[in-house]
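Remarks on the structure that follows.
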Amino acid sequence: MTLGLTVRAPGRVNLIGEHTDYNDGLVLPAAIDLEIRIDLVPRADRLVRLELAADGRLGQLDLDAIGAPTGGWLDYVAGVALELTRSGLPTGGLDGRLSATLPASAGLSSSAALELAAAWALLSAADGFTPNSVERLALARLCQRAENDYVGVRTGLMDQFAASCGEAGCALLLDCRSLDYRPVVLPRGLQLVVVETGAKRRLAASEYNQRRSECERGVDVLRARGEQVASLRDATLDMLDRAATDLGDVVYRRCRHVVEENTRTLAAVRALESDDRIALGELFAASHTSLRDLYEVSSPALDAAVDVATATRGVVASRMTGGGFGGCTVNLVEPDVVDALRSALERDYVARTGLAPVVHLVTAASGAGLVESVQLR
Ligand code: GLA
């Protein structure tokens, strides 16, 4: 009997709680209905052969002889295979075809989606695999380790978490210290709109790692002053103000963003749950300003997309989302003004930046998994 299997993994959009995950903080991402799929047939041997539907490129690896990373897309698959094995989980060889509605390198976590899709593909191809045995949070952490240790980008847990644990119709409030999380139902009367700026993401990985180091420096300075902090999660604004001279301007601003963003994330959960649109608008705006001025990860294109959205009646909330330096904005919009937002972007955003925005109407989706399994013969 030959099985034909399909697995999927979604992208994510973060509503609020930016650059807090690697500081033990709070995040509020949602998995979205833009996704990566892999159609596959398990093989009897340990070879993994994947074809990219977009351009016919082929990648191949031997699960028993995974070497060093090569810098390409297959690294995500190889890193996940290594981590599955390290965790004592089964993997199987396969012939697969990967297709995507999720744009790559647009700031919607196509890397995390690829990792989760690969994990489900490799697990599903193993003999005797039972989908119910998968622990979603553990799988997210495993994929994060693949990205940190094999691919070499020091991301936090948010993206893999959202891609693995997402729930339809909900954002997820994750405490990155305790790893407790809970769904936050999104107001039914609001459309989630993601706007791709169309700008190439520049310097994202090196600037990202630098922000992480600046946060670690902040913790070191606070500790040297005798403060009891294990991470910036434990810092307070008073503490930062008292330490301002020792921290220096840049590190002070980074730390201040993180401390205030955690507070904003909890406030945004309250605002979503009470459908307080004014508060949501203010919190998103404050988050964006802080990312622009204190954390310095926004870009002229992101600022323009937020300005145009904010000036459009019926757009409730707008901010940059994800790591920054290009990528996307996230917007909560009254459904009957979606067209007005699109027109405003096509007119004013294009005039201001010369870039073509891509507007995605998305809904919050469930996390990665096995979609179907059919008997081929
Ligand atoms: C990237 C990382 C996440 C998170 C965000 C910023 O998306 O992969 O872990 O740090 O940036 O919030």
**OP:** Report, in whole Å, the centroid distance computed from the Cα atoms of segment 157-193 and segment 330-361.
**Re:** 24 Å
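Please label the shape of segment 149-226 as rounded, prolate or oblate, based on the square roots a ≥ b ≥ c of the eigenvalues of the alpha-carbon gyration tensor (a/c under 1.5 means rounded; beyond that, a/b larger than b/c means prolate, else oblate).
oblate
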Subject >> Under the Karplus curve 6.51 cos²θ - 1.76 cosθ + 1.60, θ = phi - 60°, whole-Hz ³J(HN,Hα) for segment 66-74, x wherever Gly or Pro sits >> reply: 7, x, 6, x, 10, x, x, 5, 5
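Going by how many other Cβ atoms sit within 10 Å of their own, how do 241, 75 line up, fewest first?
Numbers: 241 11, 75 22.
Ranking 241, 75 by Cβ neighbours within 10 Å, fewest first, gives 241, 75.
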Original post:
Can you list residues whose amide H is under 5 Å from residue 173's amide H, if they're 5+ apart or on another chain and H is modeled 1.01 Å from N?
Top reply: 182, 184
**OP:** Would you please classify the overall shape of segment 1-139 from the alpha carbon gyration tensor, given that a ≥ b ≥ c denote the square roots of the eigenvalues, rounded means a/c under 1.5, and beyond that prolate means a/b larger than b/c while oblate covers the rest?
**Re:** prolate
Original post:
So what is the calculated 222 nm ellipticity per residue for the chain, using -39500 (n - 2.57) for each DSSP H run with n of 4 or more, over all residues, to the nearest 500 deg cm²/dmol?
Top reply: -11500 deg cm²/dmol
Original post:
Can you give the Rg to Rh ratio for the chain, taking only C-alpha atoms and Rh from Kirkwood?
Top reply: 0.99
**OP:** Enter the angle in degrees (range 0 to 90, nearest 10) between the Cα long axis of helix 110-124 and the first principal axis of the Cα atoms of the chain, meaning the one along which they spread out most.
**Re:** 30 degrees
Original post:
Relative to the longest principal Cα axis of the chain, at what angle does helix 136-145 sit, 0 to 90 degrees, rounded to 10?
Top reply: 80 degrees
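Only the coordinates and a few stated rules stand behind these numbers; no lab work does. Keep in mind that this is a model prediction, so the values were computed, not measured. Please note: Cβ atoms are built from the backbone with ideal geometry, for glycine as well, and neighbour counts cover all protein chains shown.
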